[in-house]
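Step one of this worksheet: look at the structure below.
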Amino acid sequence: MELRLYDTLSREKRTFVPLDAKSVRMYVCGPTVYDFAHIGNARPVIVFDVLFRLLRHLYGEAHVKYVRNITDVDDKINDRAARDFPGLPLNEAIRNVTEETGRQFHADVDALRCLRPSVEPRATEHIGEMREIIERLVKGGFAYVAEDHVLFSPQAMNAANDGLPRYGALSKRSLDEMIAGARVDVAPYKKDSTDFVLWKPSKPGEPSWPSPSGIKVEGRPGWHIECSAMAWKHLGEQFDIHGGGIDLVFPHHENEVAQTCCAFHQQRMANYWMHNGFLQVESEKMSKSLGNFITIRELLKDWPGEALRLNMLKTHYTSPIDWTMKSLEESARTLDDWYRIAADIEPAKPAASVVEALLDDLNAPQAIAALHGLRGSDVPALAGSLRLLGFLSESAAQWEGRKQQASGIDTKQVESLIAERTAARARKDFAESDRIRDQLATMGVAIKDSKDGTTWEVTR
Ligand code: AMP
Ligand code: ZN
């Protein structure tokens, strides 16, 4: 059985062959820490967590290195810091914003049962690597200094053409068309409209570091160079998988490839480029202006993290997701059932049907269909397979207890109503017994009678 992954660069599903099976290496672009993460941001985190778990299953836990960065230098962070902490010096305000947002992000993705990556590098801790890559690019003739900025020239890259990829190959754009379609208001320090920033001078009060390439004033990095530097530091000049949302293909990933390949004279940066599709809400694009912006934090108030996780995985990662409450309710009910029958069972090995589905370009919907099949045939394998996918992190009792707590249902009241109903049934007062059943139903409690007595559960 081999793993096959869809690669954005070659536009085909290819058999995954790691550069070094003893050290499988994956980089995924992480959050820019200035605000609560929304449910769209959760998608790459969950999708690549499933891939991380699958790779660990295939190659062994000690042989997979997963790097997901934290972007803690960015204009949006500076703006937020100035807005939220107007009394503080900007650098202190920025630290407050990035540290607090970073903590929130971790709490959120932990609740989604995503494993922490092997390394979570911060951009501000890799400025030295960024400067070094920039120096190499300038020396190699791929970048130039202008008005205290350093700019990368895609045209120089394509002119060099010696064992380098072509700029535009990842996003399937032609440089000529980019030049033709350029806006008129190009920054004056750019030689060509397609040049992009590697380094720029900092304004007074903004975070700043000594600049590369003989620039006298202090400055700060552009966004794209951050990922090239962190991937290089932790994974080397070439590695196996690079992932992120589909919106990052251009310009972010195209520019990462350009920087890394030109700095290190490589034909490729990553061997497989994987991109998750976008998430929309109730058939509309999720955006702040439409007001349908849902944070992970808000959803976690009403739903267990595993329900959000399952709901995300019901759609193949490359397709768009339409996030609906109806589907979320179904996901939560499915998990109630799985918890009831499989959480307290000794797990067996994950089922071949589930693993095979995942091996086929992470086909999680098919894996979930296989789980439904196992429910009636092999519960230990169901339990093992669910664990492989990051489910069943609690016992059945913990799951049920949290559900009751979240529903605000008073357990004592439920128990006493059930006792009253049992008494009514004993004296054959079926009208009263039905009335109590209805009362419980309106409270969100379903009851089930069996020869061993009456059990109840919270319906959502
Ligand atoms: P950002 O913090 O905006 O740079 O995004 C962090 C990650 O979330 C990137 O991999 C984005 O591609 C991804 N992302 C952002 N919005 C969505 C969305 N609505 N659906 C899926 N992925 C998204
Ligand atoms: Zn990145």
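The values are calculated or read from the model by the stated rules, or taken from the named source; none is laboratory data. Please read these numbers as outputs of a predicted model, since none were measured by experiment. All Cβ positions, even for glycine, are placed from backbone atoms using ideal geometry, and neighbour counts span all protein chains on display. To get the accessible areas, we keep the full protein, side chains included, count just its heavy atoms, and leave off ligands, DNA and RNA. Shrake-Rupley method; radii C 1.70, N 1.55, O 1.52, S 1.80 Å.
Scanning segment 9-39 for residues that are farther than 17 Å from residue 272 by Cβ and more than 16 Å from ligand 2 (Cβ to nearest atom), which turns out farthest from the chain's Cα centre (by Cα)?
Selected residue: 22.
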Q. Can you find a residue in segment 206-215 that is within 16 Å of residue 74 (Cβ to Cβ), in the same structural domain as residue 49 (by TED's automatic domain parsing), within 16 Å of ligand 2 (Cβ to nearest atom) and over 26 Å from the mean Cα position of the chain (by Cα)?
A. no
Q) Can you name the residue in segment 416-447 that is touching a residue at least 24 places away in the same chain (Cβ under 8 Å) and within 30 Å of residue 301 (Cβ to Cβ) and is also farthest from the chain's Cα centre (by Cα) among such residues? A) 418
Q: Taking residue 63 as meeting all but one of (1) under 19 Å from the mean Cα position of the chain (by Cα); (2) closer than 27 Å to residue 348 by Cα, write down the number of the exception.
A: (1)
(Q) Being at pLDDT 95 or above, among the aliphatic types (A, V, I, L, M) and either under 24 Å from residue 316 (Cβ atoms) or outside the structural domain of residue 12 (by TED's automatic domain parsing) (or both): is that true of residue 246 here? (A) yes
Q: Select from segment 307-337 the residues that are in a loop (DSSP other than H, G, I, E, B) and either of a type outside the set (Gly, Ala, Ser) or open to solvent by 60 Å² or more (accessible area, probe 1.4 Å) (or both) and list them in ascending order.
A: 314, 315, 316, 317, 318, 320, 324
Q: Sort out which residues of segment 182-199 are open to solvent by less than 60 Å² (accessible area, probe 1.4 Å) and either more than 24 Å from residue 226 (Cβ to Cβ) or not charged (D, E, K, R) (or both), and write them in order of number.
A: 182, 186, 187, 189, 193, 194, 196, 197, 198, 199
Q: Give the residues of segment 421-438 that are open to solvent by 60 Å² or more (accessible area, probe 1.4 Å) and more than 12 Å from residue 454 (Cα to Cα), sorted by residue number.
A: 426, 427, 428, 430, 431, 434, 435, 438
Q | Among (1) closer than 21 Å to residue 226 by Cβ; (2) in contact with a Gly (Cβ under 8 Å, 6 or more places away or on another chain) - the single one residue 178 does not satisfy | A | (1)
Q) Which helices (runs of 4 or more DSSP H) does segment 121-193 wholly contain that include 3 or more residues that are over 29 Å from residue 78 (Cβ atoms)? A) 154-160, 175-180
Q.
So residue 455 ticks every box in (1) under 43 Å from the mean Cα position of the chain (by Cα); (2) in a helix (DSSP H, G or I); (3) not hydrophobic (A, V, I, L, M, F, W, C) but one. Which box is left unticked?
A. (2)
Q.
I'm trying to understand the selection: among the residues of segment 1-45, which are part of a strand (DSSP E or B) and more than 8 Å from ligand 1 (Cβ to nearest atom)?
A. 4, 5, 6, 7, 12, 13, 14, 15, 24, 25, 26, 27
Q.
Can you tell me how many residues within segment 289-298 are open to solvent by less than 60 Å² (accessible area, probe 1.4 Å) and either among the β-branched types (Val, Ile, Thr) or part of a helix (DSSP H, G or I) (or both)?
A. 3
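Is it the case that residue 27 is at pLDDT below 95 and either open to solvent by less than 10 Å² (accessible area, probe 1.4 Å) or in the same structural domain as residue 98 (by TED's automatic domain parsing) (or both)?
On the way: at pLDDT below 95: no; either open to solvent by less than 10 Å² (accessible area, probe 1.4 Å) or in the same structural domain as residue 98 (by TED's automatic domain parsing) (or both): yes.
It is false that residue 27 is at pLDDT below 95 and either open to solvent by less than 10 Å² (accessible area, probe 1.4 Å) or in the same structural domain as residue 98 (by TED's automatic domain parsing) (or both).
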Q | Answer residue from segment 85-103, given it is open to solvent by 70 Å² or more (accessible area, probe 1.4 Å) and part of a helix (DSSP H, G or I) and is nearest to residue 55 (Cα to Cα) among those | A | 103
(Q) Please verify whether residue 413 is in contact (Cβ under 8 Å) with a residue 40 or more places away in the chain, surrounded by 12 or more Cβ atoms within 10 Å (Cβ to Cβ) and over 26 Å from the mean Cα position of the chain (by Cα), treating the condition exactly as stated. (A) no
(Q) Being on the phi < 0 side of the Ramachandran plot and either open to solvent by 50 Å² or more (accessible area, probe 1.4 Å) or free of Cβ contacts under 8 Å to residues at least 40 places away in the same chain (or both) is true for just one of 166, 220. Which residue is that? (A) 166
Q) For segment 232-288, which residues satisfy the criterion of being part of a strand (DSSP E or B), more than 9 Å from ligand 1 (Cβ to nearest atom) and in contact with a His (Cβ under 8 Å, 6 or more places away or on another chain)? A) 242, 270, 272, 273, 274
Q.
Taking the criterion of being assigned by TED's automatic domain parsing to the domain that holds residue 125, among the acidic types (Asp, Glu) and within 16 Å of ligand 2 (Cβ to nearest atom), would at least one residue in segment 226-233 satisfy it?
A. yes
Q.
Return the pair list, or none, for Cβ contacts closer than 7 Å from residues in segment 232-252 that are in contact (Cβ under 8 Å) with a residue 40 or more places away in the chain and open to solvent by less than 10 Å² (accessible area, probe 1.4 Å) to residues that are among the small types (Gly, Ala, Ser) and within 10 Å of ligand 2 (Cβ to nearest atom), at least 6 apart or on different chains.
A. 239/231
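Scanning for something on the phi < 0 side of the Ramachandran plot, within 16 Å of ligand 2 (Cβ to nearest atom) and in contact (Cβ under 8 Å) with a residue 60 or more places away in the chain, does segment 278-286 turn up at least one residue?
The answer is no; no qualifying residue exists.
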